[in-house]
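To start, the structure itself, in structure tokens.
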Amino acid sequence: MKNLYLFLTCMFFIITVDCHAQWELVNSFKNSLGYVDCFIQHDSTLFAVNYNGIYRSIDNGKTWDSVNSGIPSGQFGFSIFTLFITGDSVLACTDTGLYVSTNDGDYWLLLNDSIIHPTTALLRYKSILLAGTADSGVYSSTDNGASWIQKDTGLYSDIHVETLFNADTALFLSSVYGESYRSTDMGAHWSQIEGLPIKGAGFYYTFAYNVGELFAGSMYGDGDVYVSSNLGQSWDTTNNNLPLDSWVNSIAVYDTIVFLGTSNGVFMTTNNGSNWIAENEGNDSSGILALGIGGGYLYAGTTGNGLLRRPLTDFTTGITEQQPVAPPLSLQITNYPNPFSSSTHIVLSSTVQSAERVSVVDVLGREIAVLSPSLQGIGSNGTPELQWSPDVGVSAGMYWIVARGKSGVASRAVMLLK
């Protein structure tokens with residue numbers, strides 16, 4: 001009986017150790033990508049980036065397809081710096097300019113050639129879209145990217161912008177040469193940040209904001225992490241339990257948890273950096289280039305082991321469960337042409353009665369036109385068909401066709417050119 005007890009105890013110990021939460025490799029990524037330096041989620045679609053371009057998954061990471069149509073590649077492959085979500089569109093910052101896709105990557109269009117490329121960073125703040133470049137500073141657009149104005153007051157003219165970030169009422173910028181700047185007037189003026197050391201060429205900061213605390217992680221240098229409780233006016237280091245050579249490449253926030261993606265793996269804190277905990281079981285010692293949250297998982301893009309993920313519930317039992325998303329409106333929207341200059345045809349894939357109201361909304365959420373299916377007839381295939389011909393006073397830029405009904409809302413981004 002004693003031997004049986006010892007046997008069961010040992011088996012329990014083995015099973016407990018073997019079932020310990022750890023990172024899992026997302027299918028097909030190791031061989032096709034190697035490293036992953038950007039990850040985002042758009043609704044239920046996942047995107048990842050490396051030197052082979054943009055990859056997309058519509059089945060929560062099980063399979064991935066290359067989606068680079070419309071983006072030119074260079075001698076050494078694609079140079080895509082980051083992806084950005086705004087409304088129903090995905091924007092891609094590349095060495096040949098800023099591209100937009102309104103169909104989750106099926107095709108990409110050059111948004112506007114008034115920005116001197118390459119475009120390296122993007123930020124949406126209220127009604128303004130800011131774009132950072134590699135050699136000409138920051139540009140601002142108030143019409144969803146149709147036109148741009150350079151915003152470089154306080155910056156030197158050829159600054160290479162690496163990161164753009166906003167926390168509450170302040171904007172933050174870090175350059176590839178180590179300087180960091182702050183703006184409190186929507187990017188019109190910038191002032192250099194005191195308290196974040198300048199550590200030389202190739203060095204920059206990445207930012208995150210959590211419960212009133214602003215984090216800045218240093219890339220290269222000594223890998224310090226800094227925290228500010230007054231929107232960047234003063235800073236303290238918060239490196240407890242971090243390896244001295246941990247370069248911080250990415251920071252992600254979920255609930256009250258802050259995650260660091262570093263050259264030594266993933267670290268997390270639940271107390272705003274008072275101490276950091278290593279979370280690298282199953283990581284195979286790969287450095288982390290990018291972190292992203294989507295579909296109940298924390299994703300980690302690595303330096304050579306593809307894309308990893310772990311359920312968010314692995315990290316704490318205190319995370320508030322996300323509420324289930326209401327089912328989408330059965331009505332779906334397509335339109336042609338898109339982009340367009342004078343008018344676009346809009347096709348609804350369900351009955352007229354599915355939508356109680358179909359309208360056009362601008363980036364500020366203002367309804368600028370109401371489209372009535374009952375007044376514009378039925379298409380040749382029996383589906384409702386509408387047309388939007390913007391008034392002369394409607395400026396170029398991105399807009400949304402929005403259909404509202406009792407079961408939810410459906411929308412589609414459209415690009416008006418002038």
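Matching residues to (1) within 24 Å of Trp235 (Cα to Cα); (2) hydroxyl-bearing (Ser, Thr, Tyr); (3) touching a Lys or Arg at 6+ places or on another chain (Cβ under 7 Å); (4) surrounded by 15 or more Cβ atoms within 10 Å (Cβ to Cβ):
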{"residue": "Asp135", "(1), (2), (3), (4)": "no, no, no, no"}
{"residue": "Ile159", "(1), (2), (3), (4)": "yes, no, no, yes"}
{"residue": "Thr169", "(1), (2), (3), (4)": "yes, yes, no, no"}
{"residue": "Tyr181", "(1), (2), (3), (4)": "yes, yes, no, yes"}
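Within region 264-315, the set of residues being β-branched (Val, Ile, Thr), under 24 Å from Val227 (Cα atoms) and assigned to a strand (DSSP E or B) comprises Val266, Thr269, Ile277, Ile288, Ile293.
Restricting Gly200, Gly132, Gly154 to those that are on the phi > 0 side of the Ramachandran plot and either out of contact with any strand residue (DSSP E or B) (no Cβ under 6 Å at 6 or more places or on another chain) or touching a residue at least 40 places away in the same chain (Cβ under 8 Å) (or both) reduces the list to Gly200. Of the residues making up region 289-319, those that are more than 20 Å from Asn60 (Cα to Cα), out of contact with any Asp or Glu (no Cβ under 6 Å at 6 or more places or on another chain) and either of a type in the set (S, T, N, Q) or modelled with pLDDT under 65 (or both) number 4. Within region 58-72, the set of residues being surrounded by 15 or more Cβ atoms within 10 Å (Cβ to Cβ) and either closer than 26 Å to Ala134 by Cα or among the polar types (S, T, N, Q) (or both) comprises Asn60, Val67, Asn68, Gly70, Ile71.
Each residue in region 215-258 was checked for being surrounded by 16 or more Cβ atoms within 10 Å (Cβ to Cβ), on the phi > 0 side of the Ramachandran plot and without any contact (Cβ under 8 Å) to a residue 60 or more places away in the chain, and 3 pass. Counting the residues of region 338-357 that are touching a Leu at 6+ places or on another chain (Cβ under 7 Å) and at pLDDT below 80 gives 5. One residue is enough: does region 227-238 have a residue meeting the conditions under 18 Å from Leu196 (Cα atoms), at pLDDT below 85 and either among the polar types (S, T, N, Q) or in contact with a Ser or Thr (Cβ under 9 Å, 6 or more places away or on another chain) (or both)? Within region 227-238 (the criterion being under 18 Å from Leu196 (Cα atoms), at pLDDT below 85 and either among the polar types (S, T, N, Q) or in contact with a Ser or Thr (Cβ under 9 Å, 6 or more places away or on another chain) (or both)), the answer is no, since none of the residues qualifies.
Return the residues of region 48-59 that are assigned to a strand (DSSP E or B), farther than 17 Å from Gly261 by Cβ and not β-branched (Val, Ile, Thr); say none if nothing qualifies. Across region 48-59, the qualifying residues are Gly53, Tyr55, Arg56, Ser57. If I filter region 268-288 for residues that are buried (at least 22 other Cβ atoms within 10 Å of the Cβ), at pLDDT 85 or above, more than 26 Å from Thr169 (Cα to Cα) and among the aromatic types (Phe, Trp, Tyr), do I get at least one hit? Yes. When region 138-156 is limited to residues that are at pLDDT 90 or above and either not hydroxyl-bearing (Ser, Thr, Tyr) or not assigned by TED's automatic domain parsing to the domain that holds Trp190 (or both), the one that is surrounded by the fewest Cβ atoms within 10 Å (Cβ to Cβ) turns out to be Gly154. The strands (runs of 3 or more DSSP E) found entirely in region 120-203 that carry 1 or more residues being touching a Pro at 6+ places or on another chain (Cβ under 7 Å) are 128-133.
The values are calculated or read from the model by the stated rules, or taken from the named source; none is laboratory data. All figures in this text were calculated on a predicted structure; none of them were measured in a lab. Note that we place each Cβ from the backbone using ideal geometry, even for glycine, and neighbour counts take in every protein chain shown.
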